[in-house]
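See structure below.
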Amino acid sequence: MGENSKLKMGETYYPSKKRNEISENYIRGPGWKVELVSGQYVFEFLASRHGGGVDCYALTEDEFNQVKSDNLSFEDLLNLTDRNPNRDLLSK
């Protein structure tokens, strides 16, 4: 197995936790991303409701930088946006 896997319990291999992709104006994790679009940071994630799709919310530059520095997790982003009645979805 490659370096990205770890051995656990005999010969069974389990993949290690996938790291987020991070660049200057873009962060992507499994099922979500934050990117700078037309001067606005946009948090987009796969919706878990019936029919699926994606939901998008605006983030501040500070929130983006906190995600980038690993001070805000995906769960934290959901609490700030999707679970917050004071934050509205961005229209597509």
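The values are calculated or read from the model by the stated rules, or taken from the named source; none is laboratory data. Small disclaimer: the values here were computed from a predicted structure and weren't measured. Using ideal geometry, Cβ is built from the backbone for each residue, glycine included, and neighbour counts are taken over all protein chains shown.
Please determine, by comparing only the residues of region 46-57 that are hydrophobic (A, V, I, L, M, F, W, C) and modelled with pLDDT under 95, which one is surrounded by the most Cβ atoms within 10 Å (Cβ to Cβ).
Taking the candidates together, the pick is 47.
List, please: which pairs have Cβ atoms under 7 Å, are six or more places apart or on different chains, and start with a residue in region 20-32 that is within 21 Å of residue 53 (Cβ to Cβ) and end with one that is of a type in the set (A, V, I, L, M) and crowded, with 17+ Cβ neighbours inside 10 Å?
Close Cβ pairs (under 7 Å, with a partner that is of a type in the set (A, V, I, L, M) and crowded, with 17+ Cβ neighbours inside 10 Å) amount to 27/34; 27/67.
If the Cβ limit is 7 Å and pairs must be 6+ apart or interchain, which residue in region 52-68 that is at positive phi pairs with which residue that is assigned to a loop (DSSP other than H, G, I, E, B)?
Hits for this filter: 53/47.
Answer yes if at least one residue in region 11-20 is assigned to a loop (DSSP other than H, G, I, E, B), at pLDDT below 90 and of a type in the set (Ser, Thr, Tyr), and no otherwise. Even if it seems obvious, please write down each step before you answer.
Here is the first cut: in region 11-20, the residues assigned to a loop (DSSP other than H, G, I, E, B) are 11-12, 16-20.
Remaining after also requiring at pLDDT below 90: 11-12, 16-20.
Keeping just the survivors that are of a type in the set (Ser, Thr, Tyr) gives 12, 16.
Yes, the conditions are met somewhere in region 11-20.
Out of 70, 62, I need the residue that is at pLDDT 95 or above and surrounded by fewer than 16 Cβ atoms within 10 Å (Cβ to Cβ). Which one?
Working: 70 fails: at pLDDT 95 or above.
None of the other options fit; the residue is 62.
Listed here are the residues, each with its yes/no results for (1) touching a strand residue (DSSP E or B) at 6+ places or on another chain (Cβ under 6 Å); (2) among the hydroxyl-bearing types (Ser, Thr, Tyr); (3) part of a loop (DSSP other than H, G, I, E, B).
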residue: 43; (1), (2), (3): yes, no, no
residue: 52; (1), (2), (3): no, no, yes
residue: 57; (1), (2), (3): yes, yes, no
residue: 71; (1), (2), (3): no, no, yes
residue: 76; (1), (2), (3): no, no, no
residue: 83; (1), (2), (3): no, no, yes
residue: 90; (1), (2), (3): yes, no, yes
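State the number of residues belonging to region 51-80 that are of a type in the set (Ser, Thr, Tyr), more than 12 Å from the chain's Cα centre (by Cα) and more than 11 Å from residue 41 (Cβ to Cβ).
Of the residues in region 51-80, 1 are of a type in the set (Ser, Thr, Tyr), more than 12 Å from the chain's Cα centre (by Cα) and more than 11 Å from residue 41 (Cβ to Cβ).
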